[in-house]
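Enquirer: Below is the structure I would like to discuss, written out as structure tokens.
The values are calculated or read from the model by the stated rules, or taken from the named source; none is laboratory data. Only a predicted model underlies this, so the values are computations on that prediction, with no experimental measurement involved. Note that each Cβ is placed from the backbone with ideal geometry, even for glycine, and that neighbours are counted across all protein chains shown. When the accessible area is computed, the model is the full protein with side chains, heavy atoms only, and any ligands, DNA or RNA have been set aside. Shrake-Rupley method; radii C 1.70, N 1.55, O 1.52, S 1.80 Å.
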Amino acid sequence: MYYVADVKESECAKYNCKQCVLFCPEPNTLMYNSEKHVAWVDYSRCKGCAICVYVCSDLLKRNCIEMVMMTTGE
Amino acid sequence: MGLEYVKISPGFEKYMPKDYVDLVKYGQFGKQIDVQQIDQIKELVEEHPMCAGCYMAYFVRIFYASLPKPEDTIVLGTAGCARLALSQAAVPFIYGNYGDTNAVASGLKRALSIRFPDKIKDVVVVAGDGGLMDIGFGMTMHSWFRREKFTTIMVDNEVYGNTGGQESGMSPKGVQLKMAPKGKKFDKINAVELAKTAGCVYVAKLAPTNPKRIAKTIKRAILAARELGPTFIHVYTSCNIEYSIPTERVLADAKEREKNDFGFYEWMTDEAKEYLEEQEKKMAEAKT
Ligand SMILES: Cc1ncc(C[n+]2csc(CCOP(=O)(O)OP(=O)(O)O)c2C)c(N)n1
Ligand code: SF4
Ligand code: SF4
Ligand code: SF4
Ligand SMILES: [Mg+2]
């Protein structure tokens, strides 16, 4: 089981924003799909720090990212 | 290295690892990227074993995205946490004995300017507070006294993070650490003033709260070092492990420190100011 960040796509798509992407400590982990205008997480690279949740929920009050438990292979 | 060495020989693409092909196709080699577009590129730094939520790791990520000429850059590091990520990037990395970065960088930069007199070769040291201000202090200072033309970046987590929590000269007065249980008795060293006095031509201090500003500062420090002399950036990069900062509060902590004692500071000689204005004008013209 891994603790990872998960972006609620339909929520994130409401904003044209990629602030969380600019503050994740890990390279090529929290990415942005500029066609769908949504951030997405490469689960296998996420270390579960939740800094992105701080950016989206505490700083921007958008609440589009949640931390979830994920089983290997999911 | 150089751009020609980075590129894949025609016909060999299918034998190269996907990560490498992506680096050449979608990476930074041979182009200037805007750090705000970091999500659109294959980054120079790969997965690494630094702790979850480590803002030193975050700084290393932004550092690589900020290099003005990654294909002609050599990075030097030393024992300490940052090298765990610095060594996982597609930029040559030299790792010497603990604290000797600025002596090695001096020799390297001089050798490169003899070997490639008409080419730009950027040399950048990225090392910890213990590496630069304690154990490597003499070598750091003397590289500045000698006006060696390379950039020194101190990733200051105010502790020996890699070895489990000893105090460093950069730990704040009074702080209790695992191996400083009675609290530190002396003041934090004023590295910025030392750098100015010792001969650096460009000195900056910042907390990692604004990627655009970090990138601008790194570019300036590297450009000024090419022509004028030593440059220094002091950056606060918290150790969430040794300072018990919950990972989701790491950016909040950086913002807090920015308000208190890590407000953005930039100083340069008149000559550096003139030179940078000229270079930045050229870069802006090249973009349009
Ligand atoms: C000559 C020498 N002495 C001691 C060590 C052990 N050592 C490894 S990392 C380190 C301290 C690292 O502290 P700092 O430079 O602040 O880097 P950080 O890990 O905090 O990023 C020490 C003492 C060593 N590797 N070599
Ligand atoms: S900060 Fe929130 S709204 Fe902005 S891109 Fe990230 S997930 Fe989407
Ligand atoms: S939890 Fe941390 S590592 Fe994972 S995507 Fe968010 S900021 Fe990046
Ligand atoms: S020990 Fe501290 S500085 Fe080192 S990787 Fe972990 S959080 Fe970062
Ligand atoms: Mg340290």
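Enquirer: Can you find, within the range B:147-181, the residue that is nearest to ligand 3 (Cβ to nearest atom) among those that are surrounded by fewer than 20 Cβ atoms within 10 Å (Cβ to Cβ), among the basic types (Lys, Arg) and modelled with pLDDT of 95 or more?
Expert: B:LYS173
Enquirer: Collect the residues in the range A:27-43 that are at the interface with chain B (Cβ under 7 Å from one of its Cβ atoms) and under 17 Å from B:TYR58 (Cα atoms), keeping them in residue-number order.
Expert: A:PRO27, A:ASN28, A:MET31
Enquirer: Something else: Taking the range B:242-271 as the region of interest, how many residues are within 12 Å of chain A (Cβ to nearest Cβ) and either part of a helix (DSSP H, G or I) or buried (at least 17 other Cβ atoms within 10 Å of the Cβ) (or both)?
Expert: 10
Enquirer: Considering only residues that are open to solvent by 70 Å² or more (accessible area, probe 1.4 Å), under 17 Å from B:THR209 (Cβ atoms) and either within 16 Å of ligand 4 (Cβ to nearest atom) or in contact (Cβ under 8 Å) with a residue 40 or more places away in the chain (or both), which ones fall in the range A:47-74?
Expert: Across the range A:47-74, the qualifying residue is only A:LEU59.
Enquirer: Ok, one more. I'm trying to understand the selection: among the residues of the range A:1-46, which are of a type in the set (Phe, Trp, Tyr) and either more than 24 Å from B:GLU46 (Cβ to Cβ) or away from ligand 4 (no atom under 16 Å from the Cβ) (or both)?
Expert: Across the range A:1-46, the qualifying residues are A:TYR2, A:TYR3, A:TYR15, A:TYR32, A:TRP40, A:TYR43.
Enquirer: So B:LYS182 passes all but one of these: (1) under 19 Å from A:PRO25 (Cβ atoms); (2) out of contact with any strand residue (DSSP E or B) (no Cβ under 6 Å at 6 or more places or on another chain). Which condition number does it fail?
Expert: Of (1) under 19 Å from A:PRO25 (Cβ atoms); (2) out of contact with any strand residue (DSSP E or B) (no Cβ under 6 Å at 6 or more places or on another chain), only one is false for B:LYS182: (1).
Enquirer: Could you say whether any residue in the range B:184-198 is on the phi > 0 side of the Ramachandran plot, away from ligand 5 (no atom under 16 Å from the Cβ) and surrounded by fewer than 20 Cβ atoms within 10 Å (Cβ to Cβ)?
Expert: So far as the range B:184-198 goes, no, none of its residues is on the phi > 0 side of the Ramachandran plot, away from ligand 5 (no atom under 16 Å from the Cβ) and surrounded by fewer than 20 Cβ atoms within 10 Å (Cβ to Cβ).
Enquirer: Based on this model, can you work out whether A:TYR15 counts as more than 10 Å from ligand 3 (Cβ to nearest atom), surrounded by 15 or more Cβ atoms within 10 Å (Cβ to Cβ) and at the interface with another protein chain (Cβ under 7 Å from one of its Cβ atoms)?
Expert: No: the conditions fail for A:TYR15.
Enquirer: State all residues of the range B:125-146 that are touching a residue at least 40 places away in the same chain (Cβ under 8 Å), open to solvent by 10 Å² or more (accessible area, probe 1.4 Å) and within 16 Å of ligand 4 (Cβ to nearest atom); if no residue qualifies, say none.
Expert: Of everything in the range B:125-146, just one residue is touching a residue at least 40 places away in the same chain (Cβ under 8 Å), open to solvent by 10 Å² or more (accessible area, probe 1.4 Å) and within 16 Å of ligand 4 (Cβ to nearest atom), namely B:GLY128.
Enquirer: If you don't mind, there's one more thing I want to ask. Among the numbered conditions (1) within 11 Å of another protein chain (Cβ to nearest Cβ); (2) not in a loop (DSSP other than H, G, I, E, B), tell me where A:VAL68 comes up short.
Expert: Against the list (1) within 11 Å of another protein chain (Cβ to nearest Cβ); (2) not in a loop (DSSP other than H, G, I, E, B), A:VAL68 comes up short only on (1).
Enquirer: I would also like to ask the following. Looking only at the range B:110-124, how many residues end up being buried (at least 21 other Cβ atoms within 10 Å of the Cβ) and either touching a Lys or Arg at 6+ places or on another chain (Cβ under 9 Å) or over 12 Å from B:LYS149 (Cβ atoms) (or both)?
Expert: Summing the residues that are buried (at least 21 other Cβ atoms within 10 Å of the Cβ) and either touching a Lys or Arg at 6+ places or on another chain (Cβ under 9 Å) or over 12 Å from B:LYS149 (Cβ atoms) (or both) in the range B:110-124 gives 2.
Enquirer: Enumerate the helices (runs of 4 or more DSSP H) found wholly within the range B:4-110, keeping only those where 1 or more residues are within 14 Å of chain A (Cβ to nearest Cβ), of a type outside the set (A, V, I, L, M, F, W, C) and away from ligand 2 (no atom under 16 Å from the Cβ).
Expert: It comes to B:18-26, B:55-66.
Enquirer: Could you please let me know if B:ALA90 is within 13 Å of ligand 1 (Cβ to nearest atom), within 17 Å of the chain's Cα centre (by Cα), over 27 Å from B:TYR265 (Cβ atoms) and touching a residue at least 60 places away in the same chain (Cβ under 8 Å)?
Expert: no
Enquirer: Could you please give the count of residues in the range B:8-55 that are basic (Lys, Arg) and either surrounded by 13 or more Cβ atoms within 10 Å (Cβ to Cβ) or touching a strand residue (DSSP E or B) at 6+ places or on another chain (Cβ under 7 Å) (or both)?
Expert: 1
Enquirer: Of everything in the range B:217-241, what is within 14 Å of chain A (Cβ to nearest Cβ) and surrounded by fewer than 20 Cβ atoms within 10 Å (Cβ to Cβ)? Give them in sequence order.
Expert: The one that is within 14 Å of chain A (Cβ to nearest Cβ) and surrounded by fewer than 20 Cβ atoms within 10 Å (Cβ to Cβ): B:ILE241.
Enquirer: Counting only residues that are part of a loop (DSSP other than H, G, I, E, B), touching a helix residue (DSSP H, G or I) at 6+ places or on another chain (Cβ under 6 Å) and of a type in the set (A, V, I, L, M), how many does the range A:1-60 have?
Expert: 1
Enquirer: Can you pull out the residues in the range A:44-54 that are modelled with pLDDT of 95 or more and more than 7 Å from every other protein chain (Cβ to nearest Cβ)?
Expert: Selection gives A:CYS46, A:CYS52.
Enquirer: Which one of these is near ligand 2 (Cβ under 9 Å from one of its atoms), within 8 Å of the chain's Cα centre (by Cα) and aliphatic (A, V, I, L, M): A:VAL41, A:VAL21?
Expert: The conditions single out A:VAL21.
Enquirer: Of all residues being over 24 Å from B:LEU84 (Cβ atoms) and within 9 Å of ligand 2 (Cβ to nearest atom) in the range A:24-38, which is least open to solvent (accessible area, probe 1.4 Å)? Just the residue, please.
Expert: A:VAL38
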